[in-house]
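Down below is the structure, laid out as structure tokens.
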Amino acid sequence: LRHPLLRMMGNFWVVNDPLQRSDVIVTLSDDNYQGDRAARAAQLFKAGWAPKIVVSGRFLRDYVSLAEMSQRDLTQDGVPGDAITKLSHRAADTIDEEKIIAQLAVQKRWQHVIIVTSNYHTRRARFIAHRVFPSSIDVMMEAAPDVEYDPDNWWRTRIGIKLFFHESVGYLANMWEV
């Protein structure tokens, strides 16, 4: 009985909204070492879900950001450079990052946005998006499978446990904040 309950709890965090052709695919910052978010965005791009990808990434130093790393991952996955826009920022958390992305969406007059993030992060990212994006913009969440988080076995690894509880506490904190 314990394992089915733990699986249900682990899968609770994973959200995949029904997709429709969109103006843009956006990857959230802080992709893992393997570049799973960028890889999923490249798959969506190649499947024709959107003509552009925005790689969001926080600055690591004044001269380099995580967006540049994701941009490189995408080009290595076959996405043409002219289809990629780099969005470097100093956002401290997902709320700040999604506010920046929402402002860009309003400026560009995007109507449909697909946001790609790690599987364990999708429920919280969607919760935030529905509160910071204008209601006129349709935001769809897409889960990138993450090698560090298996929703069916998250309790078997230290990193899986850490990610599960980080999202649990983060979700509660974000409910308070937004």
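The values are calculated or read from the model by the stated rules, or taken from the named source; none is laboratory data. Everything numeric here is computed off the predicted structure, so don't read it as measured data. FYI the Cβ positions are ideal-geometry reconstructions off the backbone, even for glycines, and counts take in every protein chain you see. Calculation scope for accessible area: heavy atoms of the full protein, side chains included, ligands and nucleic acids excluded. Shrake-Rupley method; radii C 1.70, N 1.55, O 1.52, S 1.80 Å.
Among the numbered criteria (1) assigned to a helix (DSSP H, G or I); (2) over 19 Å from G78 (Cβ atoms); (3) open to solvent by less than 10 Å² (accessible area, probe 1.4 Å), which one does P4 miss?
(3)
Cβ-Cβ below 6 Å, separation at least six or inter-chain, first residue in the range 51-65 and free of Cβ contacts under 8 Å to residues at least 40 places away in the same chain, second assigned to a loop (DSSP other than H, G, I, E, B) and not β-branched (V, I, T): which pairs?
The qualifying pairs are G57/S29; R58/S29; R58/A91; F59/R90.
Could you say which residue among D96, D82 is open to solvent by 10 Å² or more (accessible area, probe 1.4 Å), farther than 28 Å from M175 by Cβ and either touching a strand residue (DSSP E or B) at 6+ places or on another chain (Cβ under 7 Å) or among the charged types (D, E, K, R) (or both)?
Numbers: D96 fails: farther than 28 Å from M175 by Cβ.
Being open to solvent by 10 Å² or more (accessible area, probe 1.4 Å), farther than 28 Å from M175 by Cβ and either touching a strand residue (DSSP E or B) at 6+ places or on another chain (Cβ under 7 Å) or among the charged types (D, E, K, R) (or both) holds for just one of D96, D82, which is D82.
Can you name the condition, by its number, that I114 falls short on among (1) open to solvent by 60 Å² or more (accessible area, probe 1.4 Å); (2) within 22 Å of D23 (Cα to Cα); (3) part of a strand (DSSP E or B); (4) out of contact with any Lys or Arg (no Cβ under 8 Å at 6 or more places or on another chain)?
Of (1) open to solvent by 60 Å² or more (accessible area, probe 1.4 Å); (2) within 22 Å of D23 (Cα to Cα); (3) part of a strand (DSSP E or B); (4) out of contact with any Lys or Arg (no Cβ under 8 Å at 6 or more places or on another chain), only one is false for I114: (1).
For residues that are touching a residue at least 60 places away in the same chain (Cβ under 8 Å) and farther than 19 Å from R2 by Cβ, tally how many sit in the range 150-169.
Number of matching residues: 1.
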